[in-house]
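Trainee: Quick one: this structure, given as structure tokens, is what I'll be asking you about.
The values are calculated or read from the model by the stated rules, or taken from the named source; none is laboratory data. Everything numeric in this text was worked out from a predicted model, so none of it was measured. Cβ sites come from the backbone with ideal geometry, for glycine too, and all protein chains shown count toward neighbours. SASA here: full protein model, heavy atoms, side chains in, ligands and nucleic acids out. Shrake-Rupley method; radii C 1.70, N 1.55, O 1.52, S 1.80 Å.
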Amino acid sequence: MNTKLWAVDKGDPIKYSYPQIMEAASLLKENEVVAFPTETVYGLGANALSDQAVLKIFEAKGRPSDNPLIVHISKMEQLTELVDNVNVPESAHQLMNAFWPGPLTLVLPKKEGVSQYVTAGLETLAIRMPDHAVARALIETSGLPLAAPSANLSGKPSPTTAQHVEEDLIHRIAGIVDGGATGVGLESTVVDCTTETPMILRPGGVTKEELERVVGNVDVDPALFSQEELHKPKSPGMKYTHYAPIAPVYLVEGSASFMEQTIKEARLKGRKVGVLATEETIGQIQTTEIIAISCGTQKDLATVASQLYDGLRAFNATEVDVIFSETFPRTGVGAAIMNRLEKAAGHKFIK
Ligand code: TXA
Ligand code: MG
């Protein structure tokens with residue numbers, strides 16, 4: 001398949017890139033699959049009301065069919081055609097008012113009409129309103145709610161640039177709308193609002209602390225803390241190994257000098273070592289002949305979130321045979337960063 005590429009203005013795409021947006025929207029209306037930027041990561045969009053369109057997403061990504069998709073909307077009126085409004089709890093409305101548009105996905109009781117493949121047979125539907133002008137322009141111009149998982153091949157780190165999408169999906173999808181690098185860099189927070197107390201199923205761009213300021217107590221799916229199969233995650237996607245580069249990743253917990261010692265031991269065994277760390281840590285490492293990739297600064301974990309996936313992917317263009325990653329405090333956005341790193345590492349720690 002020939003994949004079309006459109007570079008668009010991310011500030012005001014309707015004003016400055018209308019022909020490109022129109023062309024991408026037409027393909028979506030023809031039930032084709034098109035990748036587009038959101039404020040979190042690039043999404044792989046298709047008409048959420050069409051089985052045929054949604055099945056193409058699963059095919060292009062190689063995604064297991066039991067993993068449901070998030071539906072993206074651009075205005076509140078679209079909600080009523082997708083969810084059973086009568087049963088949407090007050091807490092969900094409070095969260096929408098506080099965080100939409102933004103990196104928050106709400107799991108709500110679904111209404112008939114949405115493709116069964118979107119929800120993977122569940123009675124609930126995950127929905128969010130992205131805070132990105134290009135995503136919203138596409139939804140509005142196509143007039144469709146767009147089902148969109150992250151636009152990576154299943155198992156790879158999510159794409160934060162159009163080039164990442166190309167790496168994974170060129171010739172597999174109808175088009176890619178290039179609106180530059182995304183902002184947050186990690187996927188949205190997924191919150192189940194069908195339970196008495198809202199429950200975080202996937203940590204992300206909106207933190208637990210921020211959610212609690214709006215709705216009081218928020219639970220966290222216990223499956224997020226365990227690596228055992230004992231706890232079955234309520235968000236089916238969380239059970240798969242994700243976000244992983246080709247070389248194995250180890251999480252090195254400790255000071256910069258402990259990182260250095262870990263690197264030295266691996267070098268003695270003849271390993272080609274890659275290091276994913278903040279500029280502070282990299283600045284303290286003396287060992288040469290390693291490939292060090294910076295993922296922002298300890299002073300602002302938002303920089304780490306936004307650079308994490310690009311860093312993980314960058315090792316695939318190198319010959320390293322092991323990757324050591326710095327670890328981060330699990331508060332605020334650190335919870336989402338550590339969740340993704342643990343998955344990329346398959347929970348392998350060096351302490
Ligand atoms: O930031 C994001 O959320 C990005 C952008 C493109 O919007 N999308 C994204 O989609 O990360 P995806 O498919 O990679 O992850 C969706 C997650 C999966 O873990 C999936 O299992 C969960 O949401 N999910 C979807 N529908 C659900 C439902 N009805 N109940 C529970 N979990 C659900
Ligand atoms: Mg994904």
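Trainee: Which whole-Hz ³J(HN,Hα) couplings does region 122-128 yield from phi under the Karplus relation 6.51 cos²θ - 1.76 cosθ + 1.60, θ = phi - 60°, glycine and proline marked x?
Mentor: So the Karplus estimates, Gly and Pro as x, are 6, 8, 10, 10, 8, 9, 8 Hz.
Trainee: May I pose another question? Would you mind telling me which residue in Gly205, Gly334, Gly43 has the biggest mean-square fluctuation in a Gaussian network model of the chain, where springs connect alpha carbons within a distance under 10 angstrom?
Mentor: Gly334
Trainee: Show the residues, 5+ positions off or on another chain, whose built amide H is closer than 5 Å to the amide H of Val220.
Mentor: Under 5 Å from the amide H of Val220: Ile200.
Trainee: May I ask you to evaluate 6.51 cos²θ - 1.76 cosθ + 1.60, the Karplus curve with θ = phi - 60°, for each residue of region 252-259 and list the ³J(HN,Hα) values in order in whole Hz, giving x for glycine and proline?
Mentor: Coupling constants for region 252-259: 9, 9, x, 6, 4, 6, 5, 4 Hz.
Trainee: Something else: Can you say what percent of the DSSP beta bridges in region 4-225, counting only those with both residues inside, are antiparallel? Round to 5.
Mentor: Counting DSSP beta bridges with both partners in region 4-225, the antiparallel share is about 50 percent.
Trainee: How many angstrom lie between the Cα centre of region 1-75 and the Cα centre of region 294-336?
Mentor: 27
Trainee: With N set to the number of residues, divide the alpha-carbon radius of gyration of region 249-350 by 2.2 N^0.38 Å and report two decimals.
Mentor: In units of the globular-protein estimate, region 249-350 measures up at 0.98.
Trainee: How much of the accessible area of the chain, in percent, comes from carbon and sulfur atoms when a 1.4 Å probe is used?
Mentor: Here it works out to 50 percent.
Trainee: Compute the signed sum of charges (Lys and Arg +1, Asp and Glu -1) over the other residues within less than 14 Å, Cβ to Cβ, of Gly143.
Mentor: Here the charged neighbours net out to -1.
Trainee: Another one. Looking at region 249-350, send over the antiparallel percent of its DSSP beta bridges, to the nearest 5.
Mentor: If we restrict to bridges inside region 249-350, about 5 percent are antiparallel.
Trainee: Which residue, Pro329, Pro145, Pro159, has the most motion in a Gaussian network model of the chain that connects Cα atoms within less than 10 Å?
Mentor: Per the Cα network of the chain with a 10 Å cutoff, Pro329 tops the list.
Trainee: Loop-only check: which GluC sites (Glu not before Pro) in region 248-351 are DSSP coil with at most 15 other Cβ within 10 angstrom?
Mentor: When the GluC sites (Glu not before Pro) of region 248-351 are filtered for loop state and at most 15 Cβ neighbours within 10 Å, Glu253, Glu289, Glu319 remain.
Trainee: Now, a different point. Asp131's amide H: which non-local residues (gap 5+, or another chain) put their own amide H closer than 5 Å, with H modeled 1.01 Å from N in plane and none for Pro or chain starts?
Mentor: Glu39, Gly102
Trainee: Rolling a 1.4 angstrom probe over the protein heavy atoms, how many square angstrom per residue are accessible across region 48-150?
Mentor: Heavy-atom SASA per residue in region 48-150 reads 37 Å².
Trainee: Restricting things to Cα coordinates, could you compute the convex hull volume per residue of region 245-296 in Å³?
Mentor: 81
Trainee: Leu125's amide H: which non-local residues (gap 5+, or another chain) put their own amide H closer than 5 Å, with H modeled 1.01 Å from N in plane and none for Pro or chain starts?
Mentor: HN-HN under 5 Å from Leu125: Leu108, Lys110.
Trainee: Picking from Val177, Val71, Val273, which is most flexible by a Gaussian network model of the chain using Cα springs under 10 Å?
Mentor: Val273
Trainee: Residue by residue through region 49-57, which ³J(HN,Hα) values in whole Hz follow from phi under the Karplus form 6.51 cos²θ - 1.76 cosθ + 1.60 (θ = phi - 60°), with glycine and proline marked x?
Mentor: Once rounded to whole Hz, the list reads 9, 10, 4, 4, 5, 5, 4, 5, 5.
Trainee: Counting other Cβ atoms within 10 Å, which chymotrypsin sites (Phe, Trp or Tyr not before Pro) in region 1-71 have at most 12 and lie in a DSSP loop?
Mentor: In loop regions of region 1-71 (DSSP not H, G, I, E or B), there are no sparsely surrounded chymotrypsin sites (Phe, Trp or Tyr not before Pro).
Trainee: Once all Cα-Cα distances of region 139-224 are split into 10 Å bins that start at 0, what whole-number percent is in each one?
Mentor: Whole-percent P(r) values from 0 Å outward: 15, 35, 30, 19, 2.
Trainee: Within 13 Å, Cβ to Cβ, of Gly296, how many net charges do the neighbouring residues add up to if Lys/Arg are +1 and Asp/Glu are -1?
Mentor: Residues near Gly296 contribute -4 overall.
Trainee: If I take the Cα coordinates of region 162-310 and project them onto the principal axes, what are the three extents in Å, biggest first?
Mentor: Computed over region 162-310, the largest-to-smallest principal extents equal 54, 41, 33 Å.
Trainee: Something else: Determine one quarter of the surface area of the Cα convex hull of the chain, which equals its mean projected area, and express it in nm² to one decimal.
Mentor: 17.3
Trainee: Could you tell me the relative contact order of region 4-225? Use alpha-carbon pairs under 8 Å, at least six residues apart, and round to a whole percent.
Mentor: Worked out over region 4-225, it gives 30 percent.
Trainee: Mind checking region 69-159 for trypsin sites (Lys or Arg not before Pro) that DSSP puts in a loop (not H, G, I, E or B) and that have at most 13 other Cβ atoms within 10 Å?
Mentor: Here the sparse-neighbourhood loop sites are Lys75.
Trainee: Over region 92-157, calculate the relative contact order: mean separation of alpha carbon pairs under 8 Å at least 6 apart, over the residue count, as a percent.
Mentor: Relative CO of region 92-157 lands at 31 percent.
Trainee: Looking only at region 274-329, where both bridge partners belong to it, what percent of the DSSP beta bridges are antiparallel (to the nearest 5)?
Mentor: Percentage antiparallel, nearest 5: 10.
Trainee: Nearest 500 deg cm²/dmol is fine: what mean residue ellipticity at 222 nm does the chain get from its DSSP H runs of n ≥ 4 alone, each adding -39,500 (n - 2.57), divided by its residue count?
Mentor: Computed ellipticity for the chain at 222 nm equals -9000 deg cm²/dmol.
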